[in-house]
1. Are there any pairs, at least 6 apart or on different chains, whose C-beta atoms fall under 8 Å, with the first in region 56-84 and closer than 19 Å to residue 115 by Cβ and modelled with pLDDT of 65 or more and the second open to solvent by less than 40 Å² (accessible area, probe 1.4 Å) and basic (Lys, Arg), and if so, which?
2. What single numbered condition from (1) charged (D, E, K, R); (2) farther than 17 Å from residue 157 by Cα; (3) open to solvent by 20 Å² or more (accessible area, probe 1.4 Å); (4) touching a residue at least 40 places away in the same chain (Cβ under 8 Å) fails to hold for residue 97?
3. Within region 100-114, is even one residue within 13 Å of residue 71 (Cβ to Cβ), modelled with pLDDT under 95 and part of a strand (DSSP E or B)?
4. Given the residues 190, 126, which is the only one that is open to solvent by 20 Å² or more (accessible area, probe 1.4 Å), at pLDDT 95 or above and within 18 Å of the chain's Cα centre (by Cα)?
5. Search region 213-226 for residues that are assigned to a strand (DSSP E or B) and pair each with any residue that is among the hydrophobic types (A, V, I, L, M, F, W, C) when their beta-carbon atoms are under 6 Å apart and the residues are at least 6 apart or on different chains.
Amino acid sequence: MESIAKTESYSAMHNMPRPDQRRSELPKMNKHLSIITVFLFVSLAGTAHAQYFLSTILEVNGTPGSGMLLGTGIIGLGDINNDGKPDFAVSTHGIGKTFIYFGGQGVLDGVPDITLRGGDNMVMGDLNGDGLKELIIHQGYYTNTPGGLDTILVYFGKPLSPLSIDTVAGLIITSENAADGFGYAMDIGDLNNDGFDDLVIGASYYSGEKGKVYVYLGKSQLTNIPDFVIVGEYHNTWF
């Protein structure tokens, strides 16, 4: 009988706010307890009827009534500390932080090993073509960002020493306007087939909710200036 296991993540999240709802409104929006549950998915092969089951190996609770919204984003990081175990990151929309949990032997302890600035959705990719993946995190304007603007924080991958990712953002991309939804939608991939991953950022509330898309092409020396933009044609379409 062969046992195959992998880790899956699930988050319980309540009342996700619009980009124009300020930080002071968040605690009264979310009175519930945010919970992150990590499951072990086990498949038992080699029998007449394959068996599958989930086993909880970690449960992390947010602070009740805090509005932290633990689990806004969840992303697998791979093994960033070179211990042979996969690691993962969990963001908190309400307090603007991302917690990184290292994998380990037995049951995980639920205490974050690293805390990064930024606490919304996340993507990963190799923007500068060095073979190491960057972690890109959205930071909402409601969490004390300068001028009330949304920002995108790029944490560059690096050779293991002792981590394969920086803990201080090496590039910050700032929205044009406050509360235009910049960064609530992001994606990454090699759009022009040049070997560099490219970053696409949406701002759905831009200019009367016409919406705007910013494309940052990957290159060896990255900047915070988009290579091209696309603006929606009509108001209230959230392009």
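1. Partner pairs satisfying both residue conditions: none exist.
2. Of (1) charged (D, E, K, R); (2) farther than 17 Å from residue 157 by Cα; (3) open to solvent by 20 Å² or more (accessible area, probe 1.4 Å); (4) touching a residue at least 40 places away in the same chain (Cβ under 8 Å), only one is false for residue 97: (4).
3. yes
4. Numbers: 190 fails: within 18 Å of the chain's Cα centre (by Cα).
Result of the check over 190, 126: 126.
5. 213/230; 214/201; 214/229; 215/200; 215/228; 216/199
The values are calculated or read from the model by the stated rules, or taken from the named source; none is laboratory data. This structure is a prediction, so every number in the text was calculated from the model and none was measured. Note that each Cβ is placed from the backbone with ideal geometry, even for glycine, and that neighbours are counted across all protein chains shown. To get the accessible areas, we keep the full protein, side chains included, count just its heavy atoms, and leave off ligands, DNA and RNA. Shrake-Rupley method; radii C 1.70, N 1.55, O 1.52, S 1.80 Å.
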